[in-house]
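Novice: Okay, handing you the structure first.
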Amino acid sequence: MCPDCEDVARTVLLLGHLALYSDGLGADQSFVEAVGPSLAGSLPEPSFGTFPPGHDPVDDPDHPGGS
């Protein structure tokens, strides 16, 4: 695996663990709110063609089929 790919995979894994932690009893939401955006912000921009033409991550729903 390329070094950058390994970093991305590790960051995605950490985001997944953070999501599981945030749903647990006694989770420190201040920690989650501080660390989550930092982890997500460290991911590279998606490559061209990852999203359909006209996709707007600000105005579109958070998930497919959402409203």
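Novice: Looking at the P(r) of the range 9-55, how many percent of alpha-carbon pairs lie beyond 13 Å?
Specialist: Of all Cα-Cα pairs in the range 9-55, 62 percent lie more than 13 Å apart.
Novice: Can you tally the net charge around VAL12? Count Lys and Arg as +1, Asp and Glu as -1, for every other residue whose Cβ sits under 15 Å from the Cβ of VAL12.
Specialist: After counting each charged neighbour, the total is -3.
Novice: Tabulate in residue order the Karplus-calculated ³J(HN,Hα) for the range 4-15, using 6.51 cos²θ - 1.76 cosθ + 1.60 with θ = phi - 60°, rounded to whole Hz; enter x for Gly and Pro.
Specialist: 5, 5, 5, 5, 5, 4, 5, 5, 5, 4, 5, 5
Novice: Let me ask another. Work through the residues other than GLY41 whose Cβ is under 14 Å from its Cβ and net out their charges, Lys, Arg +1 and Asp, Glu -1.
Specialist: Taking every Cβ under 14 Å from that of GLY41, the sum is -3.
Read-outs throughout are calculated quantities, based only on the coordinates presented, and are distinct from any laboratory measurement. Being a predicted model, the structure only gives us computed values, none of them experimental. Cβ sites come from the backbone with ideal geometry, for glycine too, and all protein chains shown count toward neighbours.
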